[in-house]
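The values are calculated or read from the model by the stated rules, or taken from the named source; none is laboratory data. Small disclaimer: the values here were computed from a predicted structure and weren't measured. Here the Cβ positions follow ideal geometry from the backbone for every residue, glycine too, while neighbour counts run over all protein chains shown. Heavy atoms of the whole protein, side chains included, go into the accessibility calculation; ligands, DNA and RNA do not. Shrake-Rupley method; radii C 1.70, N 1.55, O 1.52, S 1.80 Å.
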Amino acid sequence: MNKKTIIAIVILILSISITILLCSILKNLKDPSGITISKNDISVQAENVNIKDIKDEMFMPLFFKNDLVTGKLQSTLTEYNIDEFEKSYPCDGSKANLYSISEKNKAIKTSLIASDGITSIGSKNKFVRQSKDGKISYINYDKSENEIVLDNYIEPIQDNITNCTISFLDGNDNYLVTYITDICENNSTIIKIYDINEKKLYSSDNLEHPIYNTFFIKYMDSIMAMDTSGQLYKIILSDNKVNIEKKQKLSINSLENTIGFNSIKVINDTEILILNRNTDPTINNIITKYNFKTRKTTPLLKTNKTDASVWVTDINADGSLIVLEKGINNINKGLLLNEMYFAKVSRDSLDVFYNTTMENNTFNYYSLSDNGKSIFITTTSWNSKNNNSYSYKKYTIK
């Protein structure tokens, strides 16, 4: 083998090595927070949406129905006649019915009535509302277009020192859960669970630790709960009482004692995701998976500790699509968003497959399709004079 041949072979090997290295770098890029952006075969197409025929209104996306994003038309008027306004926007400043955005970007009125109730993360097609007289009503658009009032469940409106939150039980929508927290009593919590089928209410005593997340795990055939520290409990309903049985204590590191409302998402019969919903930069344990069958805890996303915070802002019904945001808390200007990420759970890892920068002085409302293929975003922007403007964008994931 002559000298020229050897040199050619060496050059070829070096070229292949450099190509492989570059491909590896391009395939997985890290940002300063330590989030790896994978450049795989997932295609994300962004489309600006100009909603036609709406004036002095904004579209608030909620959920996808028949492949069309559906939500509220909310007034943006700042000056109005009260009587005329309440007639046009009777649902807490929104139209009485929900609207879908057609393929031609028109707001089409649906037969679904709007609700001023609250939703749970990943379940924006289910509302629970507490009226001024304390009556509880709900709409589950998966099952009915009508609001159902629970005549045998009245939860009096609480005073300023007590926080009351009511929602559907994640993992089993045959139950409603009420969390009553006394701010002045070390955040002592009472849980009430209403069985919709049996029309029966169960209530706990004051709990030792605040609990803001209860959910149903099919593998356990039981309602479970997690307190703010990561302690798991089994919920037993008997004799009108909510009884709790202490189970495993999970190791969740920087997320400990910060697990608030809407921080747990059931993703299948055996697993949950524990989500960081806080904008505290000291928290770097962003998403953790727990398997009730194997009793295994798996960190899916941990970030570097920087001045920026990363948190989960939304997730779809089965956890197959997740939206994260990153921003910095500024003392004078508040929370400044600067980046948005799309991700999905892939067995025991998180695949962050898309990211884009965000402008400051913005706030996003998200709607994620159940099949994980569409995201609709309404962005509210404001200037130095606090004048708001609204823009819409749809992302298609293939």
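What the table shows:
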item	result
Rg/Rg_globular for the chain, with Rg_globular taken as 2.2 N^0.38 Å and Rg from C-alpha atoms	1.12
Proximal aspartates and glutamates relative to Lys135, as straight alpha-carbon distance under 20 Å, when same-chain residues fewer than 8 apart are discounted	Asp92, Asp116, Glu145, Glu147, Asp151, Glu155, Asp159, Asp173, Asp195, Glu198
Diffusion coefficient, µm² s⁻¹, Stokes-Einstein with Kirkwood Rh over alpha-carbon pairs of the range 29-94 at 37 °C and 0.692 mPa s	209 µm²/s
The chain, accessible surface, carbon-and-sulfur percent (1.4 angstrom probe)	47 percent
The range 41-157 - convex hull of alpha carbons, volume per residue in Å³	152 Å³
Semi-axis lengths (Å, descending) of the ellipsoid that matches the C-alpha gyration tensor of the range 59-102	24, 9, 7
Surface accessible to a 1.4 Å probe, Tyr80 within the full protein complex, Å²	110 Å²
Candidate aspartates and glutamates for bridging to Lys326, where Cα separation is under 12 Å - those fewer than 8 sequence places away on the same chain excluded	Asp31, Asp280, Asp307, Glu339, Glu359
Sparsely packed trypsin sites (Lys or Arg not before Pro) within the range 109-206, loop by DSSP, other Cβ within 10 Å at most 16	Lys132, Lys143, Lys199
Mean separation of Cα contacts under 8 Å (6+ apart) over length of the range 188-323, as relative contact order %	16 percent
For the range 126-262, radius of gyration divided by Kirkwood radius, i.e. Rg to Rh on alpha-carbons	0.96
In the range 186-231, the chymotrypsin sites (Phe, Trp or Tyr not before Pro) that fall in loop regions by DSSP, at most 16 other Cβ within 10 Å	Tyr219
Choice from Leu321, Leu77, Leu98 with maximal GNM fluctuation in the chain (Cα, 10 Å cutoff)	Leu77
Accessible area per residue in Å² at 1.4 Å probe, computed on the chain	53 Å²
Taking the chain and dividing mean pair separation by its residue count, relative contact order in percent (alpha carbons under 8 Å, at least six apart)	12 percent
Over the chain: helical MRE at 222 nm, DSSP H runs n ≥ 4 each giving -39500 (n - 2.57), nearest 500	-2500 deg cm²/dmol
